[in-house]
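Novice: Shown below is the structure under consideration.
The values are calculated or read from the model by the stated rules, or taken from the named source; none is laboratory data. Since this is a predicted model, take the numbers as computed values, not measurements. Here the Cβ positions follow ideal geometry from the backbone for every residue, glycine too, while neighbour counts run over all protein chains shown.
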Amino acid sequence: MQSSQQGRKDDKADIPAGDDSAIAECYQRYALKMHAYLCRHTRTLNDAEDMLFEVFLIAVEHERELETMLEDEQRAWLWTVAHNKIIDYHRRLQRWHMVPLEHLSESVGDEATPDEVALRHEEYEYLHAHLKQLSALQQEVLELRFTAGLRCAEIAIVLNKNEGAIRTMLSRALNTLRGIYGQ
């Protein structure tokens, strides 16, 4: 009986003090999507990476609270921190007049032909042009839903809105895009 308890890896009491496994698990679960989200809201890849580092640094500072949260609560908390970092970033940009030296382009896999790359690029430009016709809040809701993979309840927490309002906004934004693509 004692050996079976020692073999369980999910028993939090067996984790030594100072072990960052809860943060490491959160990082593995959310870092890629969060990085993509941050990249869309920053001017440079370095800014997005710095912001991702800051988000998880704050998570390390609040590790005890994160360990007591359910997975959905952890995810909403982390995305709220990321959203607040983006707000801070844009506030700083208003004070600084920085021009990026170069824009990083998407890396394209070896299997794509130049024609496929050009078509994909045109499709992305078409989509982004139509997304810009939506309100900033609708764009944010779509991005949190489809890029970050958050559910409406989690988006509501991040944006400090009612879940029903988020569902309505998401539905209207998708219907608007469907109408634009239908023309």
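Novice: Among the residues of segment 30-57, how many are surrounded by fewer than 18 Cβ atoms within 10 Å (Cβ to Cβ), closer than 15 Å to ASN84 by Cβ and of a type in the set (A, V, I, L, M)?
Specialist: Of the residues in that region, 1 qualify.
Novice: Would you check which residues across segment 72-92 are among the charged types (D, E, K, R) and either at pLDDT below 90 or more than 22 Å from ALA136 (Cα to Cα) (or both) and list them? Steps first, answer last, please.
Specialist: Going residue by residue through segment 72-92, those that are among the charged types (D, E, K, R) are 72-73, 75, 85, 88, 91-92.
Once the filter is applied, which keeps residues that are among the charged types (D, E, K, R) and either at pLDDT below 90 or more than 22 Å from ALA136 (Cα to Cα) (or both), segment 72-92 yields ASP72, GLU73, ARG75, ASP88, ARG91, ARG92.
Novice: Which members of segment 64-92 meet the condition of being of a type outside the set (A, V, I, L, M), under 16 Å from ALA22 (Cα atoms) and more than 11 Å from the chain's Cα centre (by Cα)?
Specialist: Across segment 64-92, the qualifying residues are ARG64, GLU65, GLU67, THR68, GLU71, ASP72, GLU73, GLN74, TRP77.
Novice: Name the helices (runs of 4 or more DSSP H) wholly within segment 93-176 that hold at least 1 residues that are surrounded by 14 or more Cβ atoms within 10 Å (Cβ to Cβ) and either β-branched (Val, Ile, Thr) or modelled with pLDDT of 85 or more (or both)?
Specialist: Counting at least 1 such residues, we get 136-146, 152-159.
Novice: Please work out if TYR181 is assigned to a helix (DSSP H, G or I), in contact with a His (Cβ under 8 Å, 6 or more places away or on another chain) and over 21 Å from ILE87 (Cβ atoms).
Specialist: Against the criterion (assigned to a helix (DSSP H, G or I), in contact with a His (Cβ under 8 Å, 6 or more places away or on another chain) and over 21 Å from ILE87 (Cβ atoms)), TYR181 qualifies.
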